[in-house]
Amino acid sequence: MTFTEGGQFEGGRVRKGGRRGAVVGGGLGAIVVALLVVFLGGGDLGQLTGALGGAVQQDAGLPAGEGQEQYVDDCTAQEANTSRECRLSATVQSLDAYWGRVLPEQAGVEYELPPVESFSGSTTTGCGAASSATGPFYCPPDRTVYVDLSFFDQLGSQFGAQGGPLAEEYVVAHEVGHHVEQLVGAMDAADRGGSGPESDSVRIELMADCLAGMWAGSAATEVDPDTGVTFLEPITPARLREALDAAAAVGDDRIQQRATGQVSPEGFTHGTSEQRVRWFTTGYEGGTLDDCDALSARTL
Ligand SMILES: [Zn+2]
């Protein structure tokens with residue numbers, strides 16, 4: 001168990017995607033492509049989410065009744081502890097409540113709920129086409145979190161993590177952390193094209209780990225205003241190890257070592273295992289947005 005008994009999570013927060021690429025019609029597809037080009041070239045970013053949503057709704061390739069966007073349904077804490085889809089929805093709602101309170105408090109910035117899409121196979125995003133191989137990601141142009149739930153199996157099989165619910169929740173919280181970075185201006189301030197141990201790419205990733213830690217550290221005391229029940233049960237040492245183990249498993253040095261047998265710091269984009277665990281822990285142990293500001297930190 002990680003979600004507290006008695007918890008209830010409304011449906012409609014997480015969109016089920018993943019069939020766009022195959023179904024967008026010619027004329028409509030052309031419009032979407034044109035918008036994407038404008039979008040990636042620095043056009044009006046605010047319009048893209050709507051444009052993509054419209055494309056899906058007018059999709060002619062699906063059976064009647066399935067042309068509408070579909071969302072993860074209402075579900076309970078019990079289900080959040082057994083179903084990945086419900087867990088994603090519940091985690092996002094816990095993150096919404098947490099950042100909705102903390103972001104205005106600590107940064108004077110209103111929290112805008114990021115669209116969240118759960119997809120399988122492939123999907124089309126404001127950042128281009130994505131497949132399961134991409135892993136979960138945040139797309140700054142459409143400010144949307146994309147999660148392929150099968151990644152959580154890969155976390156074990158491919159990255160050697162022990163897995164577990166808090167490990168999955170950490171991954172979702174990390175992606176929403178990128179959205180928080182977007183809202184506070186860190187994402188735009190960073191030069192995200194580079195790599196290397198001191199690069200802004202690494203800094204943005206370590207900050208997202210720290211922000212995920214902030215959420216995890218509070219989720220057991222954060223009360224869902226809809227139900228009056230805390231989101232998560234108190235996090236046990238074993239559960240915490242799952243999250244830390246996942247953070248370590250996706251460290252650049254660990255991934256490079258597994259893939260090539262050696263470590264090349266100049267290729268780092270996410271930080272080492274040690275750094276990822278440490279920044280998560282900084283947030284988890286009561287860190288603030290300022291403590292998590294890896295973008296301007298002198299030492300990483
Ligand atoms: Zn990231």
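Descriptive notes on the structure:
- In region 1-12, the residues that are open to solvent by less than 40 Å² (accessible area, probe 1.4 Å), part of a loop (DSSP other than H, G, I, E, B) and out of contact with any Lys or Arg (no Cβ under 7 Å at 6 or more places or on another chain): Thr4, Gly7, Gly11
- Thr269 vs. criteria closer than 26 Å to Ala90 by Cα, open to solvent by 30 Å² or more (accessible area, probe 1.4 Å) and in a loop (DSSP other than H, G, I, E, B): no
- Looking across region 110-127 at every residue that is of a type in the set (A, V, I, L, M, F, W, C) and outside any loop (DSSP other than H, G, I, E, B), the one that is modelled with the highest pLDDT is identified as Val116.
- Residue identified as more than 18 Å from Gln93 (Cβ to Cβ) and either within 20 Å of the chain's Cα centre (by Cα) or more than 13 Å from the ligand (Cβ to nearest atom) (or both) among Ser218, Ser157: Ser157
- Qualifying residue in region 287-298 (condition: under 20 Å from the mean Cα position of the chain (by Cα), closer than 27 Å to Gln78 by Cβ and buried (at least 16 other Cβ atoms within 10 Å of the Cβ)): no
So that you can scan it fast, the table gives a plain yes or no per residue for (1) more than 15 Å from Trp99 (Cα to Cα); (2) out of contact with any His (no Cβ under 6 Å at 6 or more places or on another chain):
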| position | (1), (2) |
| --- | --- |
| Ala208 | no, no |
| Ala212 | no, no |
| Pro225 | no, yes |
| Ile235 | yes, yes |
| Leu244 | yes, yes |
| Thr260 | yes, yes |
| Ser264 | yes, yes |
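- Scanning region 254-266 for residues that are more than 16 Å from the ligand (Cβ to nearest atom) and assigned to a helix (DSSP H, G or I), we see that the one that is least open to solvent (accessible area, probe 1.4 Å) is Gln256.
- Among (1) in a helix (DSSP H, G or I); (2) surrounded by 16 or more Cβ atoms within 10 Å (Cβ to Cβ), the one test that Ile235 misses: (1)
So that you can scan it fast, the table gives a plain yes or no per residue for (1) open to solvent by 10 Å² or more (accessible area, probe 1.4 Å); (2) at pLDDT below 95; (3) within 16 Å of the ligand (Cβ to nearest atom); (4) in a helix (DSSP H, G or I):
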position: Val172; (1), (2), (3), (4): no, no, yes, yes
position: Glu181; (1), (2), (3), (4): no, no, yes, yes
position: Arg192; (1), (2), (3), (4): yes, yes, yes, no
position: Ser195; (1), (2), (3), (4): yes, no, yes, no
position: Glu198; (1), (2), (3), (4): yes, no, no, no
position: Arg203; (1), (2), (3), (4): yes, no, yes, yes
position: Gly213; (1), (2), (3), (4): no, no, yes, yes
position: Leu244; (1), (2), (3), (4): yes, no, no, yes
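- Qualifying positions in region 141-150 - open to solvent by less than 20 Å² (accessible area, probe 1.4 Å) and over 11 Å from Gly18 (Cβ atoms): Asp142, Thr144, Val145
The values are calculated or read from the model by the stated rules, or taken from the named source; none is laboratory data. Predicted, not measured: the structure shown is a model, and the values here were computed from it. Ideal geometry is used to build each Cβ from the backbone, glycine not excepted, and the neighbour counts take in all protein chains shown. All accessible areas refer to the heavy atoms of the entire protein, side chains included, with ligands and DNA or RNA removed. Shrake-Rupley method; radii C 1.70, N 1.55, O 1.52, S 1.80 Å.
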